[in-house]
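Before I ask anything, let me first share the structure, which is written out below as C-alpha cells.
The values are calculated or read from the model by the stated rules, or taken from the named source; none is laboratory data. Remember, it's a predicted structure, so these values are computed and weren't measured experimentally. So basically every Cβ, Gly included, is an ideal-geometry build from the backbone, and we count neighbours across all protein chains shown.
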Amino acid sequence: MNNEINDYINRNQQQIVNHLVDIIKVPSVNGESSEEAPFGKDIQRCLQLAIQISKQLGLNTFINKGYYGWAEIGQGKPLGVILVHLDVVPAGENWDYPPFEGKLVGDKIYGRGTEDDKGPAIASIHALAAIKHSSIKVNGRLRIIFGTNEELGWGGVDYYREHDQLPDYGITPDAQFPLIYAEKEIIRILIQSETDSSLLLSMQGGAAVNMVPDQAQAALVKQSSLVEKINNIKALQKNEVDICLDKNEIKISTRGKSAHGSTPEEGVNAITKLNEILINLIDHQDPGYQIIEFYQNFLANDPGGKKLNIAHENFSGKLTINPGILKFTPPHYQIELDIRSPVGIDPSIILSEINSRLPSGFNATIQRGVPGLHVDRDSVLVKSLLNTYREITGDHSPPLAIGGGTYARAFKNTVAFGSSFPGQPKLAHQKNEFIKIENLIKLTNIIAQAVVNLDQQFKQK
C-alpha cells in the first residue's frame, strides 16, 4: 500500500465529506430533455459540479454535450477508467432526513446517491487527486467517466462509446466488495391488457421499475356495500394503509418497503399489498376483477418467477422478478416488470414462457434488454483487484455474482469493484440511504491503490 496516497486522503477527509454533501444537494433525477441537458437540467448541474470539483483538484476535464464528462490524469496509453454515474432514482417517501440535503448525523452522511453512486464518484475524484499529488508516475492515463442516466437507459455511456476512446481496462464502484465477476441479464417486460370496470376508477404504484415500490394507490366508486369491508380492512392493516372516503370515491393507499429491483425479496411490494386488498373488494362479476386476479395468480409474492414458469438458475444465481410500476386508467392496464435472469439465458425464451402463461387478453413485450456479464476469475484484472482489496482490508471473501446491472457491461475487461463492504446494509434505491464517513474514506483509498496497481499490470510494453 502506498503511504503517500493514504496520507493525502487522510489529510483531506473533511474536503471529501464536503464535496459529497455538495453534490448530494443536486436532485439529479432524470428530467425533461433539452439540447443543452439531454437528461434534464438537474443532471446537467450535477455533471458540471463534478467537473468543477475535479478541476479544482488539478484533474484534466471534458464534457461532451451534457451526455457524459470525464476527469483524468496521466498521458498516453493504456487508458484505465473508473465508471461512475451522477443520476439517481427518485427519493421515494418517508425519509427520516431530507434526501437531497446531505445531512450529517453522527458518523453517517444521509442522502439519495450517497451509496449509489455519488459517494463513489466523489471517492474516485479524490483517489485520482491523491495519485496526482504523490510521487507516483502512472504509465498511461487514469480517467473517471461520469455517466448521466445509468438508472434509466445508459444513454450517456452509449454516447461515450460512440464518440470517445474505449478503455483498455476499467472498474465501476457501483456494487459490492470484494468484486463482481458476473452480472445477470436485465430484462424489462411490459404486460398490458384492456378492460373496463364499474367499480375500479384507477390504480397506480411505483416510481421506477428497478425499485421495489413503496407506495401504491387505487380509487373506487363509493358504494354502501363496500364501506363495512373497507372499515374491516383498515382495522387489520393498521398503519400500512390509508383509506379516504370521499363523497363519491373510496381512495386506498398502501405503503411498502423499497429495495433494489434486483433483490425484490428484501423489500415489501406496495402494489402487491394493494392488490391483496382489492381482490377482497371487487366483485367477481366486475370486468375489472380480471386484472386483480391476474396479478394475484401470476405476480404476487413470487420474486423467483415460479408462477410464470420462469424460475431459472445457474452459476450466476436465481432469476428474480420485480413488479415495479403499475398503471390503470380504464380501459388501459399495464404492469412493468424488472427481471434479472441468470447469465446466458436468451431473453426471448423468458418472453415466450411468460406469454404462454398469460390469460387471454394479456400480452407481454420486451421494453429493454441488457446482456449479462461474466469475467474470468483468473484474469489479470480480477486477480489484481482482489489482491489490492485483500491487502488493505484483510478480507479474503470470494468474488460475487449479482443481479444488479452496472457499467461494467459497457466495456470489455471491466468489473464492478465496491462500493459497499461485506456486512453493510443494502441501501441503494431505499429510503434513508447513507454512507459512513469511515467507509467513504476507505473506499477512496482502495480505489486509488487499485488503479495504481492496474496501471502497472496493464502498462504498454
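Each row is one residue, and each column tells you yes or no for (1) part of a helix (DSSP H, G or I); (2) surrounded by fewer than 23 Cβ atoms within 10 Å (Cβ to Cβ); (3) at positive phi.
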{"residue": "D116", "(1), (2), (3)": "no, no, no"}
{"residue": "A121", "(1), (2), (3)": "yes, no, no"}
{"residue": "I131", "(1), (2), (3)": "yes, no, no"}
{"residue": "I136", "(1), (2), (3)": "no, yes, no"}
{"residue": "N139", "(1), (2), (3)": "no, yes, no"}
{"residue": "I144", "(1), (2), (3)": "no, no, no"}
{"residue": "Y160", "(1), (2), (3)": "yes, no, no"}
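It is to be established whether one or more residues within the stretch 55-62 are at pLDDT 95 or above, surrounded by fewer than 19 Cβ atoms within 10 Å (Cβ to Cβ), in contact with a Leu (Cβ under 7 Å, 6 or more places away or on another chain) and part of a strand (DSSP E or B).
no
Taking the options E151, E72, name whichever one is outside any loop (DSSP other than H, G, I, E, B), under 19 Å from Q44 (Cβ atoms) and of a type in the set (D, E).
Details: E72 fails: under 19 Å from Q44 (Cβ atoms).
So the residue among E151, E72 that is outside any loop (DSSP other than H, G, I, E, B), under 19 Å from Q44 (Cβ atoms) and of a type in the set (D, E) is E151.
OK, next. Output the number of the condition that G66 fails; it satisfies all remaining conditions of (1) assigned to a helix (DSSP H, G or I); (2) in contact (Cβ under 8 Å) with a residue 12 or more places away in the chain; (3) surrounded by fewer than 24 Cβ atoms within 10 Å (Cβ to Cβ).
All conditions pass for G66, except number (1).
Under 6 Å between Cβ atoms, which residue pairs at least 6 apart in sequence (or on different chains) link something in the stretch 193-211 that is in a strand (DSSP E or B) with a partner that is charged (D, E, K, R) and at pLDDT 95 or above?
Q204/K327
While we're on this one: Mind checking which residues of the stretch 66-109 are charged (D, E, K, R) and either more than 24 Å from N413 (Cα to Cα) or modelled with pLDDT of 95 or more (or both)? Break it down into steps so the answer makes sense when it comes.
The first filter runs over the stretch 66-109 and keeps only residues charged (D, E, K, R), leaving 72, 77, 87, 93, 96, 101, 103, 107-108.
Within the stretch 66-109, E72, D87, E93, D96, E101, K103, D107, K108 qualify.
For the stretch 229-345, give me every one of the strands (runs of 3 or more DSSP E) that falls completely inside it and has 2 or more residues that are at pLDDT below 95, more than 18 Å from V209 (Cβ to Cβ) and hydrophobic (A, V, I, L, M, F, W, C). Let's see the steps before the verdict.
On the way: elements: 241-245, 249-255, 320-329, 332-341.
Qualifying strands (runs of 3 or more DSSP E): 241-245, 249-255.
For the subset of the stretch 183-202 comprising residues that are out of contact with any helix residue (DSSP H, G or I) (no Cβ under 7 Å at 6 or more places or on another chain) and surrounded by 24 or more Cβ atoms within 10 Å (Cβ to Cβ), which member is nearest to Q290 (Cα to Cα)?
Step one: filter the stretch 183-202 for residues out of contact with any helix residue (DSSP H, G or I) (no Cβ under 7 Å at 6 or more places or on another chain), giving 184, 186, 188, 190-192, 194, 196-202.
With the extra rule that they be surrounded by 24 or more Cβ atoms within 10 Å (Cβ to Cβ), the set shrinks to 184, 200.
Working: K184: 32, L200: 11 Å.
In this case the residue turns out to be L200.
Could I ask something else about it? From the list D42, D7, pick out the single residue that is out of contact with any helix residue (DSSP H, G or I) (no Cβ under 8 Å at 6 or more places or on another chain) and either hydroxyl-bearing (S, T, Y) or closer than 23 Å to P98 by Cα (or both).
Working: D7 fails: either hydroxyl-bearing (S, T, Y) or closer than 23 Å to P98 by Cα (or both).
From the options D42, D7, the qualifying one is D42.
Oh, and also: Is the stretch 421-436 home to any residue that is basic (K, R) and farther than 26 Å from D214 by Cβ? Spell out how you get there, then give the answer.
Initial filter on the stretch 421-436 (basic (K, R)): 426, 431, 436.
Then keep just the ones that are farther than 26 Å from D214 by Cβ; that gives none.
No, the conditions are met nowhere in the stretch 421-436.
Quick one: would you say H284 is surrounded by fewer than 20 Cβ atoms within 10 Å (Cβ to Cβ) and in the same structural domain as A207 (by TED's automatic domain parsing)?
On the way: surrounded by fewer than 20 Cβ atoms within 10 Å (Cβ to Cβ): yes; in the same structural domain as A207 (by TED's automatic domain parsing): yes.
Answer is yes for this residue.
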